[in-house]
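For reference, the structure is listed below as structure tokens.
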Amino acid sequence: MPLLPRRFARLQAVLNRRMANLTVLLEHVEKPHNLSAILRTCDAVGVLEAHAVCLEGRLPTFNSTAQGSQKWVPLHRHASAAAALQSLRQQGLRIYGTHLSAGAVDYRSCDFTGPTAFVLGAEKWGLSQECAALVDQAILIPMSGMVQSLNVSVATATLLFEALRQRQAAGLVPSAGEGLDPGRYRALLFEWAYPEVAAWCRREGRPYPELDGEGAITESLPRTLRLRC
Ligand code: SAM
């Protein structure tokens with residue numbers, strides 16, 4: 001079935017607002033409902049992609065809480081916290097670790113309008129010492145109840161929506177794909193619109209076909225593939 005122009009317009013509208021300079025790194029966050037809720041929040045806020053360091057031999061898994069958001073927010077896996085942080089730093093992101101340490105500051109006192117990565121820790125243990133030592137700034141969400149910490153997905157949502165609020169107030173939320181390299185934008189739009197064709201192109205080592213203004217593929221494809229579009 002051809003992609004409907006209305007669906008294509010919606011994909012474009014969502015991609016136009018994605019932020020490449022706001023992300024999360026999840027260190028050993030494991031429970032499917034937490035990973036799912038976090039990716040769903042990333043999608044809602046407009047986070048382009050998320051990052052994770054998984055325990056050895058474990059793959060991130062999602063459940064219905066995600067509502068399919070894992071399709072729209074890729075979760076990149078890294079071999080270690082150090083490797084992940086190095087890669088995020090190379091992208092120019094300032095790294096905020098959620099860590100209830102003496103040096104941690106109230107998240108509301110921070111400026112998240114610049115390139116920002118939040119690092120969240122495991123459900124039971126929190127951030128590893130190794131990771132906590134490598135962040136640029138430790139932050140916390142003040143608590144005034146009997147329980148010491150929030151659920152990790154709630155903490156993530158609190159921080160991401162604060163970053164979004166600050167960016168909206170500063171007029172820094174993209175509306176037309178600003179901050180995304182045009183080639184990357186085109187590739188992502190194609191992958192979102194035609195995931196099966198995109199996978200085939202990658203397997204064949206071919207560039208993605210061009211799309212017309214309504215999202216239709218402008219070149220002819222093998223019949224079996226066309227039937228799956
Ligand atoms: N016992 C763990 C500890 O001491 O860190 C609790 C881990 S908590 C359930 C899981 C993760 O949620 C934390 O590593 C942190 O990333 C985030 N988190 C929970 N409460 C938070 C808070 N009040 N401020 C900032 N982050 C918080």
Please find, within segment 14-32, the residue that is surrounded by the most Cβ atoms within 10 Å (Cβ to Cβ) out of those that are more than 13 Å from the chain's Cα centre (by Cα) and within 13 Å of the ligand (Cβ to nearest atom). Glu27
Any hit, segment 41-60, residues being surrounded by 19 or more Cβ atoms within 10 Å (Cβ to Cβ), farther than 17 Å from Arg18 by Cβ and at pLDDT below 95: no
All positions within segment 102-123 that are surrounded by 17 or more Cβ atoms within 10 Å (Cβ to Cβ), touching a residue at least 40 places away in the same chain (Cβ under 8 Å) and under 19 Å from Val147 (Cα atoms): Tyr107, Leu120, Gly121, Ala122
Within segment 76-100, residues away from the ligand (no atom under 16 Å from the Cβ) and closer than 26 Å to Val14 by Cβ come out as His76, Arg77, His78, Ser87, Gln91, Gly92, Leu93, Arg94
For the structure I just gave you, tell me whether Gln91 is under 30 Å from Trp192 (Cβ atoms), at pLDDT 95 or above and open to solvent by 40 Å² or more (accessible area, probe 1.4 Å). yes
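The values are calculated or read from the model by the stated rules, or taken from the named source; none is laboratory data. Just so we're clear, the structure is a prediction, and the values are computed from it rather than from any experiment. So basically every Cβ, Gly included, is an ideal-geometry build from the backbone, and we count neighbours across all protein chains shown. What goes into the accessible areas is simple: the full protein's heavy atoms, side chains included, and nothing from ligands, DNA or RNA. Shrake-Rupley method; radii C 1.70, N 1.55, O 1.52, S 1.80 Å.
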